[in-house]
Amino acid sequence: MPEMPEVETVRRGLNSYVKGHEITHVEIRYNDLITGDVNQFIEFVTGATITDVGRRAKFLLIHLDNGYTIISHLRMEGKYRISADPNAIDKHSHAIFTLDNGQKMIYNDVRKFGRMQLWNTDDLKNNKSIQKLGPEPLSKEFTFETLKPRIMRHHKDIKIVLLDQSVMSGLGNIYVDEVLWKAKLHPETTANHLSDKDIQNIIELSNQEMEKAIASGGSTIRSYIDASGHKGNMQNSLKVYGKEGTPCPRCGTEIVKIKVGGRGTHFCPHCQVIK
DNA sequence: CTCGCTGTTATCCA
DNA sequence: GTGGATAACAGCGA
């Protein structure tokens, strides 16, 4: 499900339900969900209290009071639901955390791509996945000075570069298409052909897009829901993602869909020309 | 039925 | 380094 706005929405939802609560019981129904030793995961999480739910790019960080953090990545379709209703658990519920108030924090993932890992809270910076992340939108490191060299050093299509979480993090397939449309950049433009103005646009528009998407509760295209089971609204504001065959909101030319780096890519062939 | 597609990322190989 | 393919998995629609 998630790009940064969706993960942020989940983070906020989880915080409102689980912060300050003890995890009294853990059930892992799909062992591959856990990176590392499953029994150790269960042992360390059981009895711990959730002090805060944070986020770095698309990673959820469930901080515990015992010095450990559950690093949770939802990948394509991972979801958290808070419920005391046994019917909320189904065959796609792979982890069930029972809380001291009787509620259950249920991790669902139809495709089983998501992963959880326990890590020392003080050492998160050295976790391999977290370590390699580039600056994310809306953070103070997300500046022209930082991003320009990171982007320009690549000779690949700009779409590929923006999806590369080690260059900058947080954007995924939907929002990269949206940002490139707004910046009037063809997704197959080679990254080092961009002008300073283009880089500046990418930064500003990424910030705008993330801010707006978070305010809208994320995009529900196929399956995304937040911790309360609610859909987002941002899908109603998308300009090109999933809009192939419809007129470009700017010039009326039909939006087309191609493959770039194996990912479905939507753009306006009139507004977005290869440099 | 089969094929292709899906908000992700890690890994392997030329 | 880079590019591409492949893998993890399940469901949906054509």
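The values are calculated or read from the model by the stated rules, or taken from the named source; none is laboratory data. All values reported here derive from a predicted model rather than from experimental measurement. Note that we place each Cβ from the backbone using ideal geometry, even for glycine, and neighbour counts take in every protein chain shown. To get the accessible areas, we keep the full protein, side chains included, count just its heavy atoms, and leave off ligands, DNA and RNA. Shrake-Rupley method; radii C 1.70, N 1.55, O 1.52, S 1.80 Å.
Looking at this structure, is A:Y17 closer than 30 Å to A:L138 by Cα, open to solvent by 70 Å² or more (accessible area, probe 1.4 Å), touching a residue at least 60 places away in the same chain (Cβ under 8 Å) and more than 16 Å from DNA strand C (Cβ to nearest atom)?
Numbers: closer than 30 Å to A:L138 by Cα: yes; open to solvent by 70 Å² or more (accessible area, probe 1.4 Å): yes; touching a residue at least 60 places away in the same chain (Cβ under 8 Å): yes; more than 16 Å from DNA strand C (Cβ to nearest atom): yes.
So A:Y17 passes the test.
With the checklist (1) within 16 Å of DNA strand C (Cβ to nearest atom); (2) open to solvent by less than 30 Å² (accessible area, probe 1.4 Å); (3) part of a helix (DSSP H, G or I); (4) not basic (K, R) in hand, flag the one item A:N108 doesn't pass.
So A:N108 meets the others, but not (3).
Tell me yes or no: at least one residue of the stretch A:170-184 is more than 16 Å from the chain's Cα centre (by Cα), outside any helix (DSSP H, G or I) and surrounded by fewer than 20 Cβ atoms within 10 Å (Cβ to Cβ).
Going through the stretch A:170-184, the residues more than 16 Å from the chain's Cα centre (by Cα) turn out to be A:180-184.
Now narrow it down to the ones that are outside any helix (DSSP H, G or I): A:183-184.
Narrowing the set further to residues that are surrounded by fewer than 20 Cβ atoms within 10 Å (Cβ to Cβ) leaves A:184.
Looking for residues that are more than 16 Å from the chain's Cα centre (by Cα), outside any helix (DSSP H, G or I) and surrounded by fewer than 20 Cβ atoms within 10 Å (Cβ to Cβ), one finds at least one in the stretch A:170-184, hence yes.
Among the listed residues A:E211, A:E136, A:E141, which satisfies the condition of being more than 16 Å from DNA strand C (Cβ to nearest atom), in a helix (DSSP H, G or I) and not hydrophobic (A, V, I, L, M, F, W, C)? Before the answer, list the steps.
Values: A:E136 fails: in a helix (DSSP H, G or I); A:E141 fails: in a helix (DSSP H, G or I).
Answer to the selection: A:E211.
Would you confirm whether any residue within the stretch A:64-83 is farther than 19 Å from A:W119 by Cα, aromatic (F, W, Y) and assigned to a strand (DSSP E or B)? So that I can check it myself, show each step before the final result.
Restricting attention to the stretch A:64-83, the residues satisfying the condition of being farther than 19 Å from A:W119 by Cα are A:76-83.
Filter once more, so that each one left must be aromatic (F, W, Y): A:80.
Pick out the ones that are also assigned to a strand (DSSP E or B) and you get A:80.
For the stretch A:64-83, residues farther than 19 Å from A:W119 by Cα, aromatic (F, W, Y) and assigned to a strand (DSSP E or B): present.
Which residue, of A:K112, A:K128, is without any contact (Cβ under 8 Å) to a residue 12 or more places away in the chain and either within 16 Å of DNA strand B (Cβ to nearest atom) or of a type in the set (V, I, T) (or both)?
Numbers: A:K112 fails: without any contact (Cβ under 8 Å) to a residue 12 or more places away in the chain.
Answer to the selection: A:K128.
So which residues in the stretch A:222-255 are outside any loop (DSSP other than H, G, I, E, B) and open to solvent by less than 50 Å² (accessible area, probe 1.4 Å), if there are any at all?
Of the residues in the stretch A:222-255, the ones outside any loop (DSSP other than H, G, I, E, B) are A:234-237, A:247, A:254.
Answer for the stretch A:222-255, where residues must be outside any loop (DSSP other than H, G, I, E, B) and open to solvent by less than 50 Å² (accessible area, probe 1.4 Å): A:M234, A:Q235, A:S237.
So which residues in the stretch A:202-221 are without any contact (Cβ under 8 Å) to a residue 60 or more places away in the chain and open to solvent by less than 40 Å² (accessible area, probe 1.4 Å)?
Passing the criteria: A:I202, A:L205, A:T220.
Looking at A:G54, A:G36, A:G67, A:G47, can you tell me which residue is open to solvent by less than 30 Å² (accessible area, probe 1.4 Å) and either of a type in the set (D, E) or touching a residue at least 24 places away in the same chain (Cβ under 8 Å) (or both)?
Working: A:G36 fails: open to solvent by less than 30 Å² (accessible area, probe 1.4 Å); A:G67 fails: open to solvent by less than 30 Å² (accessible area, probe 1.4 Å); A:G47 fails: open to solvent by less than 30 Å² (accessible area, probe 1.4 Å).
Result: A:G54 is the single residue among A:G54, A:G36, A:G67, A:G47 that is open to solvent by less than 30 Å² (accessible area, probe 1.4 Å) and either of a type in the set (D, E) or touching a residue at least 24 places away in the same chain (Cβ under 8 Å) (or both).
What pairs come out if I take residues in the stretch A:259-275 that are in the same structural domain as A:K156 (by TED's automatic domain parsing) and without any contact (Cβ under 8 Å) to a residue 12 or more places away in the chain and pair them with residues that are more than 16 Å from DNA strand C (Cβ to nearest atom) and not small (G, A, S) whose C-beta lies under 7 Å away, six or more apart or interchain?
Every condition considered, no pair remains.
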